[in-house]
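Here's the structure, in structure tokens; my notes come after.
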């Protein structure tokens, strides 16, 4: 094992600090390391594996497409992209979709769409468009995206930064309204801040946000790359407050843990600002990605994974709260997106991730103090019970 880790660290840039385990196999909610030890995956590749590792339907869709054609580029049509985008628009209720690959690419796409809509439709002066974001946000790691991050590590040494962003407190609708000016074109927001520590906004906040943005003719852009596709107990998190954004960003589980697929969805008015040559991606909407994404969506719908996430998320959070661990400051959850914040006096969450690894559980810390539990949505109550006993044991040491 040490040879593989040493080789990886010798030739890889040190932009990650992985736990000391080498995974070689995955199936459902379980993964195995090089020595055959079995682990319960409570991270699901940061929610990219909502359907479980190597779901048979998604794997078969990938295999079938790989036997035919995998990429055409957008220089030509293919027979899979239309089917994929039709299904995606149907389940989300949007007019148009623009397919990309990674979540960060999709966020960049949404920023470009919002700015051009502001210029061409709303009438904001050229190069004056402003987008409001929230403190503690995480939308990716490109230079433009880190330009509006409030996490200093994400920014140090990477300037100069892209202008045109204003950051306000997450959960405070009044601060949002005060920040809106004549050049404001959009609010980019996560319904639940995942990387920020699973921060769930106050009840009614998103409804107020929707009302404010509508009144000021500001696009409401929801980044549901991590919260979408069943993770929070609804197909998309905004459904919890019975609202709908003007633009939706999806990714991660859209690729079923098999292939990177992302997309931005919006109305004809917003998407109509793009003309041939304005924006693109060699791999965006390729046949393999489209076939995989279609199967990934169908699995979530057919197996009712959103409903399962709601039920088992409540159960998981309830079991964790019943531990009444003196080491835990707070437990925050929505569906199967759960954050367990460790008191600073008890050390950082990394220590507990390492202890849980020894017990056969995979999870990852975020923002130093929070253990993030985001298992595949197919997890069963018996597996949750097994995990909770291990977590309880580790937190009692």
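The values are calculated or read from the model by the stated rules, or taken from the named source; none is laboratory data. Just so it is clear, the structure is predicted and the values come from calculations on it, not from any experiment. Glycine gets a Cβ as well: all are built from the backbone with ideal geometry, and neighbour counts include every protein chain shown.
Going residue by residue through segment 157-164, is there one that turns out to be assigned by TED's automatic domain parsing to the domain that holds residue 131, under 26 Å from residue 112 (Cβ atoms) and crowded, with 20+ Cβ neighbours inside 10 Å? Reasoning before the result, please.
Just the residues of segment 157-164 that are assigned by TED's automatic domain parsing to the domain that holds residue 131, to begin with: 157-164.
Subset that is under 26 Å from residue 112 (Cβ atoms): 157-164.
Then drop every residue that is not crowded, with 20+ Cβ neighbours inside 10 Å, which leaves none.
The answer is no, given that none of the residues of segment 157-164 is assigned by TED's automatic domain parsing to the domain that holds residue 131, under 26 Å from residue 112 (Cβ atoms) and crowded, with 20+ Cβ neighbours inside 10 Å.
Go through (1) buried (at least 16 other Cβ atoms within 10 Å of the Cβ); (2) touching a helix residue (DSSP H, G or I) at 6+ places or on another chain (Cβ under 9 Å) one by one and return the number of the condition residue 136 breaks.
(2)
Among 371, 377, 336, 305, which is the only one that is without any contact (Cβ under 8 Å) to a residue 40 or more places away in the chain and crowded, with 23+ Cβ neighbours inside 10 Å? Walk me through how you get there before you give the answer.
Values: 377 fails: without any contact (Cβ under 8 Å) to a residue 40 or more places away in the chain; 336 fails: without any contact (Cβ under 8 Å) to a residue 40 or more places away in the chain; 305 fails: without any contact (Cβ under 8 Å) to a residue 40 or more places away in the chain.
None of the others qualify; the one that does is 371.
So how many residues does segment 147-160 have that are touching a helix residue (DSSP H, G or I) at 6+ places or on another chain (Cβ under 7 Å) and part of a loop (DSSP other than H, G, I, E, B)? Before you say what the answer is, go through the steps one by one.
Looking only at segment 147-160, we keep the residues that are touching a helix residue (DSSP H, G or I) at 6+ places or on another chain (Cβ under 7 Å), and these are 149, 154-155, 158.
Filter once more, so that each one left must be part of a loop (DSSP other than H, G, I, E, B): 149, 158.
Counting residues in segment 147-160 that are touching a helix residue (DSSP H, G or I) at 6+ places or on another chain (Cβ under 7 Å) and part of a loop (DSSP other than H, G, I, E, B) gives 2.
Here are 248, 254: which of them is assigned to a helix (DSSP H, G or I) and surrounded by 23 or more Cβ atoms within 10 Å (Cβ to Cβ)? Walk me through it before giving the result.
Working: 248 fails: assigned to a helix (DSSP H, G or I).
On inspection, the qualifying residue turns out to be 254.
Could you grab me the full set of residues in segment 188-208 that are farther than 29 Å from residue 365 by Cβ and in contact with a strand residue (DSSP E or B) (Cβ under 9 Å, 6 or more places away or on another chain)?
As a first pass, look at segment 188-208 and keep what is farther than 29 Å from residue 365 by Cβ: 204, 207-208.
None; the set is empty.
Which residue out of 85, 43 is out of contact with any helix residue (DSSP H, G or I) (no Cβ under 6 Å at 6 or more places or on another chain), in contact (Cβ under 8 Å) with a residue 40 or more places away in the chain, in the same structural domain as residue 298 (by TED's automatic domain parsing) and surrounded by 13 or more Cβ atoms within 10 Å (Cβ to Cβ)? Give the steps one after another, and end with the answer.
Details: 43 fails: in the same structural domain as residue 298 (by TED's automatic domain parsing).
Testing whether each residue is out of contact with any helix residue (DSSP H, G or I) (no Cβ under 6 Å at 6 or more places or on another chain), in contact (Cβ under 8 Å) with a residue 40 or more places away in the chain, in the same structural domain as residue 298 (by TED's automatic domain parsing) and surrounded by 13 or more Cβ atoms within 10 Å (Cβ to Cβ) leaves just 85.
It is to be established whether one or more residues within segment 388-396 are assigned to a loop (DSSP other than H, G, I, E, B), farther than 19 Å from residue 231 by Cα, modelled with pLDDT of 95 or more and in the same structural domain as residue 37 (by TED's automatic domain parsing). Before the answer, list the steps.
Taking segment 388-396 as the starting set, the residues that turn out to be assigned to a loop (DSSP other than H, G, I, E, B) are 396.
Then keep just the ones that are farther than 19 Å from residue 231 by Cα; that gives 396.
Filter once more, so that each one left must be modelled with pLDDT of 95 or more: none.
Checked segment 388-396: no residue is assigned to a loop (DSSP other than H, G, I, E, B), farther than 19 Å from residue 231 by Cα, modelled with pLDDT of 95 or more and in the same structural domain as residue 37 (by TED's automatic domain parsing).
If we scan segment 220-240, do we find a residue that is closer than 12 Å to residue 47 by Cβ and in a helix (DSSP H, G or I)?
Looking only at segment 220-240, we keep the residues that are closer than 12 Å to residue 47 by Cβ, and these are 224-232, 237.
Next, from what is left, pick out any that are in a helix (DSSP H, G or I): 237.
The answer is yes; a qualifying residue exists.
Could you figure out which of (1) under 16 Å from the mean Cα position of the chain (by Cα); (2) crowded, with 20+ Cβ neighbours inside 10 Å isn't true of residue 113?
Status for residue 113: all satisfied but (1).
Answer yes or no as to whether residue 93 is at positive phi, touching a residue at least 12 places away in the same chain (Cβ under 8 Å) and in the same structural domain as residue 281 (by TED's automatic domain parsing).
Values: at positive phi: yes; touching a residue at least 12 places away in the same chain (Cβ under 8 Å): yes; in the same structural domain as residue 281 (by TED's automatic domain parsing): yes.
Criteria met by residue 93.
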